[in-house]
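Contents: one structure, followed by commentary.
The values are calculated or read from the model by the stated rules, or taken from the named source; none is laboratory data. Please read all numbers here as calculations on a predicted model, not as lab measurements. Cβ placement follows ideal geometry from the backbone for every residue including glycine, while neighbour counts extend to all protein chains displayed.
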Amino acid sequence: MNIAEPADHLQTVGEIVRALRALDLKPVLVGGMALVVLGSRRVTRDFDFVIARPGDRLGPTLDLFYDREFELVSRLTEAGDVTSTIASRKVAAIRLRLDAPASAYFFNVQTGLRIDLLFDFPIAAATLAEHATRTRIRTHLFDIASEVDLLRLKKIARAARSAPGDAEDIAFLESLLRQFAARVARRDDERMRPPQGSSMLPIVK
């Protein structure tokens, strides 16, 4: 599986996912990168994960980012570009506890890698994890949200913001689901067919 991300980016993200999983935060890959894994030609460099709300695990969650030189994003442009981050993890913890946001973005200024966390939003991480597919990308394991859940998330996002790529993403996911339904229908049809040489005539007693 080829993903247009530098190997060191994937290594870093894989380590973070493993650490989030160890904290029982149930990270599930969603957004553009999940679509890329499924075969979309979408161009993206960000990783989006729905995780459980950290609660008393907020400190360790921040540590695993700040220890890797990521900082909490404090300001974005309308286009979504990072313009300001919080260098102090203590200040970041206070900010997250006070604001209790639905999501938090982390950015590594040196590498340009951004990882977005959505806290049980807009669908709980546990719910997404139930339907997710665990996929190995190189040496790392990722739980990829199901096509059905990704479509739900995209429709929710489109209703809230109507970004230019949403319609294309929705069309891609709907196409995948139609293809899946067609494969299931063909498989069921093949199962219903009698073996060659057998007779479907009723047995008369």
Going by what's in this entry, would Phe180 be described as surrounded by fewer than 18 Cβ atoms within 10 Å (Cβ to Cβ) and among the aromatic types (Phe, Trp, Tyr)?
yes
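Residue by residue through the stretch 5-37, note down the ones that are in a loop (DSSP other than H, G, I, E, B), modelled with pLDDT of 95 or more and farther than 21 Å from Leu96 by Cα. Let's see the steps before the verdict.
We begin by selecting, within the stretch 5-37, every residue in a loop (DSSP other than H, G, I, E, B); these are 5-6, 23-27.
Going one step further and asking which of them are modelled with pLDDT of 95 or more, we end up with 23-27.
Scanning the stretch 5-37 gives no hits.
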Subset of the stretch 94-128 [without any contact (Cβ under 8 Å) to a residue 24 or more places away in the chain and either closer than 17 Å to Arg75 by Cα or among the hydrophobic types (A, V, I, L, M, F, W, C) (or both)]
Ile94, Arg95, Leu98, Asp99, Ala100, Pro101, Ala102, Ser103
Going through the stretch 28-44 in order, the residues found to be farther than 22 Å from Leu128 by Cβ and touching a Lys or Arg at 6+ places or on another chain (Cβ under 7 Å) are none
Among the numbered conditions (1) outside any strand (DSSP E or B); (2) free of Cβ contacts under 8 Å to residues at least 40 places away in the same chain; (3) touching a helix residue (DSSP H, G or I) at 6+ places or on another chain (Cβ under 8 Å), tell me where Phe65 comes up short.
(2)
